[in-house]
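Peer 1: Quick one: the structure is below, questions incoming.
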Amino acid sequence: METQSYKNHIRFYPPHHFVYYPIVMGFIIVSIYFAATTSDTLIWSFVAAIFVVLFCLAFMIRQHYALTLQNRIVRLEMRYRYFTLTNKRYEIIENEISDEQLFALRFASDEELIPLIDKTLSQHLSGSEIKKAIVNWKGDYSRV
């Protein structure tokens, strides 16, 4: 498996990204084509609208469930790592760090995490700035 970094940390879910979505998009295009070229415009427009709704719903539901669960797990992981490294409760500073910052900090190695948290709190770094500041990237190969 390739070592994870800022440039390659985005992952795809092949059944959705490369099978389901292209098929639904194909059906949408075919439905719009038939709506424009046949006398059954109303029926084909309705079919196209159904496929558009299915496309949007599938994307939203898949993303919502996966991201909600992943966010909870990352928060728990960060609480555990912070406590393990500092012997202090993470909840003390949790409200000062945004979700974007927290999700970027998880990629920091244990050696970099505490100094990077301190830098984030003092300089209000964005998630992207945090990721770019990480020298020893701790890959997350299990996320959805």
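Values quoted throughout were computed directly from the atomic coordinates according to the rules given, and no laboratory measurement underlies them. All values derive from a computational prediction rather than experimental measurement. Cβ sites come from the backbone with ideal geometry, for glycine too, and all protein chains shown count toward neighbours.
Peer 1: Anything in the range 78-132 that is of a type in the set (Asp, Glu) and either closer than 16 Å to Tyr6 by Cα or more than 17 Å from the chain's Cα centre (by Cα) (or both)? List them, or say none. Working first, answer last.
Peer 2: Taking the range 78-132 as the starting set, the residues that turn out to be of a type in the set (Asp, Glu) are 91, 94, 96, 99-100, 110-112, 118, 129.
Answer for the range 78-132, where residues must be of a type in the set (Asp, Glu) and either closer than 16 Å to Tyr6 by Cα or more than 17 Å from the chain's Cα centre (by Cα) (or both): Glu91, Glu94, Glu96, Glu100, Asp110, Glu111, Glu112, Asp118, Glu129.
Peer 1: Tell me yes or no: at least one residue of the range 52-75 is more than 30 Å from Phe18 (Cβ to Cβ) and either within 16 Å of the chain's Cα centre (by Cα) or not acidic (Asp, Glu) (or both).
Peer 2: yes
Peer 1: Shifting gears a bit: Look through the range 35-58, keep the residues that are hydroxyl-bearing (Ser, Thr, Tyr) and part of a helix (DSSP H, G or I), and return whichever of them is nearest to Val24 (Cα to Cα).
Peer 2: The selected residue is Ser45.
Peer 1: Go through the range 20-60 and give me each residue that's free of Cβ contacts under 8 Å to residues at least 12 places away in the same chain and of a type in the set (Val, Ile, Thr).
Peer 2: Hits for the range 20-60 are Ile23, Ile29, Val30, Thr37, Thr38, Thr41, Ile43, Ile50, Val53.
Peer 1: What residue, among those in the range 26-54 that are of a type in the set (A, V, I, L, M) and touching a helix residue (DSSP H, G or I) at 6+ places or on another chain (Cβ under 7 Å), is surrounded by the fewest Cβ atoms within 10 Å (Cβ to Cβ)?
Peer 2: Top of the filtered list is Leu54.
Peer 1: One residue is enough: does the range 93-110 have a residue meeting the conditions β-branched (Val, Ile, Thr), in a helix (DSSP H, G or I), closer than 20 Å to Arg79 by Cβ and touching a residue at least 12 places away in the same chain (Cβ under 8 Å)?
Peer 2: Yes: one or more hits.
Peer 1: Okay, next question. Pairs under 7 Å by beta carbon, first residue farther than 16 Å from Phe103 by Cα in the range 3-19, partner surrounded by 12 or more Cβ atoms within 10 Å (Cβ to Cβ) and of a type in the set (Gly, Ala, Ser), six or more apart or different chains?
Peer 2: Filtered contacts from the range 3-19: Thr3/Gly139.
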